[in-house]
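J.: I'd like to ask some things about the structure below.
The values are calculated or read from the model by the stated rules, or taken from the named source; none is laboratory data. Just so you know, these numbers come straight off a predicted model, no measurement behind them. With ideal geometry, Cβ positions are generated from the backbone for all residues, glycine too; neighbour counts draw on all protein chains shown.
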């Protein structure tokens, strides 16, 4: 058996191993599990962001509530002072007008602050409902994710004996491959999934490019490494 025959057998074993591992990674359950994982990550990101917004808004509500209390107290003082001025016979119309304006100014600020407070409370109520809905969706998705994860683990366990056997076969064949040829094969595989291709009908089966007769003869002779000029794959024939 020449060097290329040994490499081809190794290549077939590696290809079979890759297929077995790919099959496990691409089962319907695994694909759905991956999508659910991405969904759960997105939901968690949204929940974290919403939680921070809720905390910030709650702090705003506390600040606005304290401000309303201070303004209402200030308003009471202004009204008390107005009554004093109003009952004082020596008070002027200008003093009464100024006092009344001060009361109106404080009342206006109270109204504006209360409006901000009510808007913040309304936002909190809606955001809390959104948070609960997001949490409910995430909870349902997590249950489905956990069930799928177990199913995927069972699939992986079922496929493990065949994969392990394929690994052993590939490693055994690898030991017989010429080192220089193996290094070449490994290098090409970093660029192409198919590092070696058969010659069929005077064409490279990897890229379907027609090959010169001289190249086909060199490959058939089994002497040296012949690469496809198009993609650099190692060419092989039975």
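J.: Tell me yes or no: at least one residue of the range 175-187 is on the phi > 0 side of the Ramachandran plot and modelled with pLDDT under 95.
T.: No, there is no match, as no residue in the range 175-187 is on the phi > 0 side of the Ramachandran plot and modelled with pLDDT under 95.
J.: Scan the range 17-38 and tell me whether some residue there is outside any helix (DSSP H, G or I) and surrounded by 12 or more Cβ atoms within 10 Å (Cβ to Cβ).
T.: Within the range 17-38 (the criterion being outside any helix (DSSP H, G or I) and surrounded by 12 or more Cβ atoms within 10 Å (Cβ to Cβ)), the answer is yes, since at least one residue qualifies.
J.: Are any residues in the range 83-104 more than 23 Å from residue 72 (Cα to Cα) and assigned to a helix (DSSP H, G or I), and if so, which ones?
T.: If the condition is that a residue be more than 23 Å from residue 72 (Cα to Cα) and assigned to a helix (DSSP H, G or I), then 93, 94 are the ones that fit.
J.: Looking for something closer than 30 Å to residue 129 by Cα, surrounded by fewer than 13 Cβ atoms within 10 Å (Cβ to Cβ) and at pLDDT 95 or above - is there at least one such residue anywhere in the range 64-73?
T.: Checked against the condition, which is being closer than 30 Å to residue 129 by Cα, surrounded by fewer than 13 Cβ atoms within 10 Å (Cβ to Cβ) and at pLDDT 95 or above, the range 64-73 yields at least one hit.
J.: Right, next: If you check 137, 114, which single one turns out to be in contact (Cβ under 8 Å) with a residue 24 or more places away in the chain, in contact with a helix residue (DSSP H, G or I) (Cβ under 7 Å, 6 or more places away or on another chain), surrounded by 13 or more Cβ atoms within 10 Å (Cβ to Cβ) and closer than 30 Å to residue 28 by Cα?
T.: 137
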